[in-house]
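Report on the following structure.
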Amino acid sequence: MSPLAPLKASSLYFTPLPPSHVVPAGKESHGRYMLTIPWNRVSGWGQPKIAARQELSFDPLAGVLQYAVTCFEGMKCYKTDNGDLRLFRPDKNFDRLKRSAARLGLPHDWDNDELLELFAKLVALEAPIVPDTDGSSLYLRPTLLETSEGFGIKDDAFAAEALLYVATTLNLGKGLYPSSDGEGKGIKLDACKEFIRAWPGGTGSYKLGANYGTVNISKKPGYAMSLWLHGKEDFISEAGAMNVFIIKQAEDGFLEFITMSLDGGIVLPGVTRFSLIQLLTEHAEGKKDFPLEGMPKNVRVVERDISMPEIISSLENGTLKGMFGCGTGVVVVTVGEIQYQGQTYTIPANPLIKLLRDTITGIQRGKIDEGRGWSFKVPEWDVEGKEGQDEEKVVA
Ligand SMILES: *Cc1c(COP(=O)(O)O)cnc(C)c1O
């Protein structure tokens, strides 16, 4: 058997938008291009293509349609004040996509640098439409799914054919971005006991389509999103598709940033979560000051379970100093209110939440150099005859 072809950026086939290209009605806020890379079990990765965004078609018995064999990532491309494009820690998203894909029996064996080169070309083509203000971005949705029949009894559960693609859209999460700007601005969460997002031994820590479609129904009007609970103690896990932190005054005078640990496999290992933990921990240990001024010295990060009863009792005794969600979509948002068992709880605002948000945004938009190389600068891509040219196809 010949070895499977690796994913190779150099075999990219690029089709510029034809001069006659019109954006379909209702799709104006999406990127104009998409990247597709097919895979099959016999030959490995096929030719990557960048061409106009278009509909996909699959066999009616495809694994993605029948059994939700699909996983995804959420990344953003930012434009700096100088006009260059940045991605934030893309290797973290690629590694997480591998992990999700492995969980589903999908291919997960690519070289991240090759994939990054393709992503960089896709976003370089969209440079004219990437916005350049804090809170705005071009959102990238890498998706990997089973296109072969995922049906009947098979020798093993590994997909025969798959497709990795990237579609883009403008400004996902922008509406919630200002929620940390001041007193009384936080979002409202509805603590949900009826639908359980994740449980021990489940798939909550993987970014699988199936984790979202089954719980979206819990969304109540007037609330930004659900606060997910699990266990008889009503432990919180996440809110919507964000990781959650509470800020608490500890007895020894330290300010604690507490978030659920990843150990139980219930919580999605967010890149924003990791990044905040790293910045705060290195600051607390005196290794590297927090990038923006204003973070107290006596802080500590704690990863452990947090229950709704603990949130309520620390509200009552005044030790709860704030709560926030974080993720690529929203960056960092203040939680202002929780509805739980028919009661409404108002969470105190905390200016440190805005400091966290401004720090992450500053790093993402190249305004803050945190010295860890988190912001990847997208190289310019000069393709002869990029757009509106007569040549139909250009191989990069
Ligand atoms: C994507 C996601 C997050 C946030 O992860 P980031 O890498 O920070 O964007 C958190 N929770 C869930 C359930 C998610 O799907």
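Quick note: the coordinates plus some simple rules give every number you see, no bench work behind them. A quick note: this is a predicted structure, and the numbers were derived from the prediction, not measured. Positions of Cβ are backbone-derived with ideal geometry, glycine not excepted, and every protein chain shown enters the neighbour counts.
Among Leu4, Leu97, the ranking by other beta carbons within 10 Å of each residue's beta carbon, starting with the fewest, stands as Leu4, Leu97.
Which shape class, rounded, prolate or oblate, goes with the range 121-187 when its Cα gyration tensor gives a ≥ b ≥ c as root eigenvalues, a/c under 1.5 marks rounded, and past that a/b bigger than b/c marks prolate? Oblate, because a/c is 1.5 or more while a/b does not exceed b/c. Label positions at Asp109 and Arg41, each projected 7 Å from the Cα along the C-beta direction, are separated by 1.3 nm.
Dipole of the chain computed with +1 at Lys/Arg Cβ and -1 at Asp/Glu Cβ about the Cα centre; of Pro348, Pro6, Gly209, farthest Cα towards the positive end is Pro348. When peptides 22-33, 203-214 are sorted by average Cβ neighbour count within 10 Å, with the highest value leading, the order is 203-214, 22-33.
The trypsin sites (Lys or Arg not before Pro) of the range 233-303 meeting both criteria, a DSSP state outside H, G, I, E and B (loop) and at most 15 other C-beta atoms within 10 angstrom of the site's C-beta, are Lys287, Lys288, Lys297. Dipole size of the range 186-348 about its Cα centre, with +1 on Lys/Arg Cβ and -1 on Asp/Glu Cβ: approximately 460 debye, rounded to the nearest 20. Shape class for the chain: prolate, because the ratio a/c of the largest to smallest gyration tensor axis (alpha-carbon atoms, square roots of eigenvalues) is 1.5 or more and a/b beats b/c.
Subtracting the Cα-Cα distance of Leu61 and Val23 from their residue separation scaled by 0.36 nm leaves 10.6 nm. Nearest 10 degrees, 0 to 90: what angle lies between the long axis of helix 271-284 and the longest principal axis of the chain (Cα atoms)? Helix 271-284 and the main axis of the chain meet at about 50 degrees. Residue separation of Arg304 and Asp95 scaled by 0.36 nm, minus their Cα-Cα distance, works out to 72.8 nm of gained length. Computed extension length for Asp263-Asn216: 14.5 nm, one decimal, from 0.36 nm per residue of separation with the Cα-Cα distance subtracted. The ranking of Arg89, Arg141 from fewest to most other beta carbons within 10 Å of each one's beta carbon is Arg141, Arg89. The long axis of helix 90-104 is offset from the longest Cα principal axis of the chain by roughly 80 degrees. Computed over the chain, the per-residue total of -39500 (n - 2.57) for DSSP H runs of n ≥ 4 gives a 222 nm mean residue ellipticity of -5500 deg cm²/dmol, rounded to 500.
The residue list Thr70, Leu104, Trp45 was ranked by how far each Cα lies along the charge dipole of the range 36-106 toward its positive end, using unit charges on Cβ atoms, and Leu104 comes out on top. Pairs exceeding a 18 Å alpha-carbon distance, out of Lys76/Lys367; Lys287/Lys377; Lys98/Lys207; Lys8/Lys121; Lys193/Lys220: Lys287/Lys377. Note on Cys192, Cys71: ascending count of other Cβ atoms within 10 Å places them as Cys192, Cys71, the fewest first. Under the simplified labelling scheme, the Asp84-Gln249 pair shows an inter-label distance of 4.5 nm, with each label point 7 Å from Cα along Cα→Cβ. Applying both filters, DSSP loop and at most 11 other Cβ atoms within 10 Å, to the GluC sites (Glu not before Pro) of the range 172-241 gives Glu183, Glu194.
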